[in-house]
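Structure record follows, encoded as C-alpha cells.
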Amino acid sequence: MIKRFLGVLRNQYLGPTHLSKNPMISKTQLLFVALTANLFGIDQPVEISIAKPGDDLQAILDRGSDLYLEPGKVYPIHQTLRFVQPGQRISTLHPTRLNDYARLVLAAPDIGQLVNGMRLDGVVLEKVILDGNRYGLSYMDRIHGKPELVFFGGQGASRQIVRQCVFLNPRTWSALKVHEGGNEIVVEDNVFFGAGHDVRGNGREGREKPIIQEHQTHYNWGDGISCAARNTTVRNNLIIDPTDVGIVFFGAPGSVAEGNVIASISRESLGGINLVDPLEFYAFEEEPSLIDYRGTTLRDNWIDARGARIHMAIPIGATPWVPSKKGFTLLGGAVQDNLITGGAAAYGIVVSGVRDWTINGNQSKAQYSGIAEGLHRNPPDEPGPFLFEPEFVENTVLQSDFKPAERHLKHLLRCNHLPRNPMGFRDYSYGSSEVQAVVETAFLEMLAREPSIEELLFFSDWLSTTRTNADSLRRVLMGSPEFVLLRGAFNPQDLQLFREKLWMKALSEAVGFVGDESWKTAAEIYTEAWEEISLRSPLQQSPLQ
C-alpha cells in the first residue's frame, strides 16, 4: 500500500512535465517524496523514451511505463489505450503550443473509446489531442453500448487528473466520463470541441441519421463532461458545441464545477450544466426517492447561447428534463454566481424537485425565446431566466428575481413531439431572438463580419420558413466568393473539418505558450479565440490551408 501511494505521489509531483500545481508543496516535501520513493524501491524517472507513431503504445503502458508522445505527431489508435497501474501518465513531451500536441485519433470503426483509466489511482492524462474521428469513421451505428471517448473514475479510483487536453468529435454519448465510485478527480484546463449532432441535425456526419426504433427516436448527441464521481473538481474547461449537455453531475456529492465556459456556436445543446439525474447510486437507503447532491456546487461558470439554442442553461431537479421522474427530490447543492448570455437562449436556471439548496448571485444577460414542448398538449411556461415551481422546492434559498411558474416547468426540451423532416431530424420553428442569433453567428464565424440588414432579414426568413438548420446556412456561405477570399476554398461537405481547423488555430493562438504551468482562464481563451475568428478583416486573415 505504501509503495502504491508513493508511486502516485512520484508521478504527480516528480513527473518531467511539472513539479506541482499546488503552491503548498515545497521543494523540501518534493525531496522527501523522492528519497522515500527510493527507500521503498520506486525508481525515479531518469531517461525518458518517446513513443513514435506505429509503436505499440499499449505495450509501453503494460510494462508499467509512462507513455510520452512526440509533439505534433498523429497516433492512429485501433484498440483502447488502458492505464494498467496507479500513477501512470499519458502526455505529449514538452509541447510549446496547443496545436503542437500529439494527436491520438481513433482509426477503427468498431471502437469508440480512446483512453480508459478505470479504477486506478493517480493516473494522469495531459497535453494530448483526443480525436474521436467522427467525420472520418462516422457515428457508431448502435443504440446502446457506446463507450465514452475517455473513461476515468470507477470504484476505488482517486486523485486522477485530466489536464490541458483537447477533446474533439467523439463518436459516442460523452467526451469524458468520470464514473461513480471515483473520488477526488481533477478535470481542469481542457478544451472540448464538438460532441454529436443536435436535434436539427447540426454537426451530423454526412451519412448520419437518427435511429428510429419502435416509435422511439435515438439521437447521436453527446456530453462534454459527464461526472458521477464524488468530490470531483471540474475547473476552467472550455466546452464548445456539445449537443446533449456541456457538464452533467449525476449526483456526484461534493463535486464542484467552477470557472467553466459552455458555448453553443453552431449546434443546439439540451443543457448547459445539468443537475437533474436521480442516479440510484446516490439514493438514500431509507428514502430511495431522495438523491444525494450535498456539496455539489456550480459557481462562476459562463453559459453562452451565442449561435444555437441552449434549451436549459442550468436545470435543477428531475422533471424539467424528464417528467416521468416526478417524485424524486435532489438534496443539497449550490448554484452561485454563474452567468448566462447569448441571443439563442431558451430557459435559464429552472428549479423543481429539490430540497435544501442555495441558488443565488446568478446573472442573465441573455435573450430567451421559443417555448418548450412541455407535456405535449399541455405547454409549460414561456422561456425566461429564472423560474421555479414553488410546490416542488423545499427549504431552498432562491435569489429574488426567480419567478414562480404560472403553468408548469416539466419537459422544457424540444426533441420529442413535432414531425420529423425527411432526414429524420425534428422540424421545429425558431424563437424570435434565436433565429437572429443563428444568422449573426454564422456570418461572424464563416465570413468574419456581421450580416447586413438585408442579409439578416433574408436568412432569418429562410431559416424560419424552411426550418433549415444552421449547418445548411454555413454551407451556403462557404460557397460564396467572399468566403473563398477570406478562408480559402473548402468543400462545403467538409464543414465540420473546416470548423475544427478554424477553431484549433484560433484556440492555439488564444492559449499561447503551454510549456509551463500557466493556463489562461476559459473565459479569456474563449473570448480571444472568438475575436480571432470573427473580427479580423480579409486583409489581415490568411487562408486556412
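The residues of region 134-181 that are touching a helix residue (DSSP H, G or I) at 6+ places or on another chain (Cβ under 9 Å) and basic (Lys, Arg), listed by number, are Arg134, Arg159, Arg171.
Across region 272-304, the number of residues qualifying as under 16 Å from the mean Cα position of the chain (by Cα) and under 18 Å from Asn236 (Cα atoms) comes to 8. Which one is farthest from Asp494 (Cα to Cα) among residues in region 410-462 that are among the acidic types (Asp, Glu) and not in a loop (DSSP other than H, G, I, E, B)? The qualifying residue farthest from Asp494 (Cα to Cα) is Glu454. A residue that is more than 25 Å from Asn360 (Cα to Cα), of a type in the set (Asp, Glu) and open to solvent by less than 50 Å² (accessible area, probe 1.4 Å) cannot be found anywhere in region 375-397.
Can you spot a residue in region 497-517 that is part of a loop (DSSP other than H, G, I, E, B), within 20 Å of Arg475 (Cα to Cα) and open to solvent by 40 Å² or more (accessible area, probe 1.4 Å)? Within region 497-517, not a single residue is part of a loop (DSSP other than H, G, I, E, B), within 20 Å of Arg475 (Cα to Cα) and open to solvent by 40 Å² or more (accessible area, probe 1.4 Å). Only residues that are open to solvent by 10 Å² or more (accessible area, probe 1.4 Å) and either within 19 Å of Ile359 (Cβ to Cβ) or free of Cβ contacts under 8 Å to residues at least 60 places away in the same chain (or both) were counted across region 293-314, and they come to 6.
Taking the criterion of being part of a loop (DSSP other than H, G, I, E, B) and out of contact with any Cys (no Cβ under 9 Å at 6 or more places or on another chain), the residues of region 369-378 that qualify are Ser369, Gly370, Ile371, Ala372, Gly374, His376, Arg377.
Check Gly333, Gly327, Gly317 and return the single one that is within 21 Å of Glu389 (Cα to Cα), surrounded by fewer than 19 Cβ atoms within 10 Å (Cβ to Cβ) and modelled with pLDDT of 95 or more. Unique residue meeting the criteria: Gly327. Residues in region 330-368 that are part of a strand (DSSP E or B) and among the hydroxyl-bearing types (Ser, Thr, Tyr) were compared, and the one that is farthest from Val438 (Cα to Cα) is Thr358.
Of the residues in region 78-87, at least one is of a type in the set (A, V, I, L, M, F, W, C) and part of a strand (DSSP E or B). Once region 481-496 is narrowed to residues that are open to solvent by 10 Å² or more (accessible area, probe 1.4 Å) and among the aliphatic types (A, V, I, L, M), the residue that is nearest to Leu137 (Cα to Cα) is Ala489.
Do any residues in region 257-269 that are under 17 Å from Glu434 (Cβ atoms) and hydroxyl-bearing (Ser, Thr, Tyr) have Cβ atoms under 9 Å from those of residues that are open to solvent by 10 Å² or more (accessible area, probe 1.4 Å) and in a strand (DSSP E or B), where the two are at least six apart or on different chains, and which pairs are they? Listed pairs, sorted by first residue: Ser269/Trp221.
The values are calculated or read from the model by the stated rules, or taken from the named source; none is laboratory data. This structure is a prediction, so every number in the text was calculated from the model and none was measured. Every residue, glycine as well, gets a Cβ built from its backbone with ideal geometry; the counts of neighbours run over all protein chains shown. SASA here: full protein model, heavy atoms, side chains in, ligands and nucleic acids out. Shrake-Rupley method; radii C 1.70, N 1.55, O 1.52, S 1.80 Å.
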